[in-house]
Every structure is written in C-alpha cells, then in structure tokens.
1. Consider only pairs whose beta carbons are under 6 Å apart and that are at least six residues apart or on different chains; among these, list those whose first residue lies in segment 66-79 and is farther than 14 Å from Asp108 by Cα and touching a residue at least 24 places away in the same chain (Cβ under 8 Å) and whose second residue is assigned to a strand (DSSP E or B) and among the hydroxyl-bearing types (Ser, Thr, Tyr).
2. Can you pull out the strands (runs of 3 or more DSSP E) entirely within segment 55-163 that have at least 1 residues that are at pLDDT below 95 and within 15 Å of the chain's Cα centre (by Cα)?
3. Does segment 54-63 contain at least one residue that is small (Gly, Ala, Ser) and out of contact with any helix residue (DSSP H, G or I) (no Cβ under 7 Å at 6 or more places or on another chain)?
4. Go through (1) charged (D, E, K, R); (2) in contact with a strand residue (DSSP E or B) (Cβ under 8 Å, 6 or more places away or on another chain); (3) under 22 Å from Glu40 (Cα atoms) for Glu96 and report which single condition fails.
5. Between residues in segment 120-138 that are at positive phi and residues that are assigned to a loop (DSSP other than H, G, I, E, B) and of a type outside the set (Gly, Ala, Ser), which pairs lie under 6 Å by C-beta distance while being six or more apart or on different chains?
Amino acid sequence: MRLRFEPALVRVNAAIEPATRTVEGVTRVPRDTTTGRVLESMVLPALEHGGYEYHQQEVVGTRLGGGRHKVDVLAWSPTKAFLVSLKWQQVSGTAEQKVPFEAICLADAVLASEGRLTKAYIVLGGPGWKLRKFFTEGGLRDHLVHADLVEILDLETFIGRANKGQL
C-alpha cells in the first residue's frame, strides 16, 4: 500500500530570543527551552537518514481542553505518517508529569486523522527522568485507552530505529 501524505502547511515560528516581562519592577525571563532544539538537532538527521521527510513545529489540530496542538515533528515516508513529541529532562522536574497528557493528546490526534497518521512517538532525552523505565516499558498501557497509538521511547532507541527506517 502506498500512502500519499501531504502535511498541512500551518506553521508557528518560534521566536529566537525569549520575551521578557516586568512584573512589579522585577524583570522575568522565561525558562530556557533551547534544550528542545538540541534534541531536535539529534533526531532530525536520524529521520533523514532513515528516508523520512518531516516538518517541524506542525499544528495538528486542537488539544483536549482547547488550544492548538503543535507537535515537534510530523514525519512521513511513502507508506506511513507519524507524530513525534520530544521531551528533554536535564534534571528531575515537571516534564514527567506532562508525559501522560501528551500521550492522550497524541492518541487523540492520530484518531482524528482518520487513518492519515499511523502512530505517534514520545521521545525521552536527558539524564533527569526518574520514570524513564516506567514510561518506556509500557507503564501507561493499563491507564490509557488508546495507548497502542503512542509509543514512548528513549532517545537512543528512537534514533536507532529512525536511522534504519523502522518507525
């Protein structure tokens, strides 16, 4: 079966410099999210090497509860298309709490695509994951109805499979 896939050309360009704001005389700078760009720079060459095409920062619909659902990567080959959400955890923190909701939103996007998307991946990078093993060994399966539509992988596993065109 040969799937013809043409992603929507809706894009949101991220600003290079973080915006600052002043509240009660104190200037606040948003937290550094450049580690996401570093993770993308590791994943994208692997996708290319595996024969996949991709768009970055693609809006794929509406998130549960409202708001645009923007994924890090929308990738495709001649036979399938899939979403990739990249999560970096340098030190222990709140990213782990976001993984289950991201899995639910990605599964919803795959279902809403009416067969155009085959799957979604959440890629965990960085040394700060306390729940890495839980997530990557299927710990969410018993708790999510459409867990089969979202696979959670560590960075090394994802890159290895992407390099070989086995996503």
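1. Close Cβ pairs (under 6 Å, with a partner that is assigned to a strand (DSSP E or B) and among the hydroxyl-bearing types (Ser, Thr, Tyr)) amount to Asp72/Ser85; Val73/Tyr54; Ala75/Tyr54.
2. Numbers: elements: 68-76, 81-88, 119-125, 150-154.
Once the strands (runs of 3 or more DSSP E) in segment 55-163 are filtered for at least 1 residues that are at pLDDT below 95 and within 15 Å of the chain's Cα centre (by Cα), what remains is 68-76, 81-88, 119-125.
3. no
4. Every listed condition holds for Glu96 apart from (2).
5. If the second residue must be assigned to a loop (DSSP other than H, G, I, E, B) and of a type outside the set (Gly, Ala, Ser), the pairs left are Gly126/Gln89; Gly126/Gln90.
The values are calculated or read from the model by the stated rules, or taken from the named source; none is laboratory data. Fair warning: this is a prediction, and the values are worked out from it, not measured in the lab. Neighbour counts run over all protein chains shown; Cβ positions are idealised from the backbone, glycine included.
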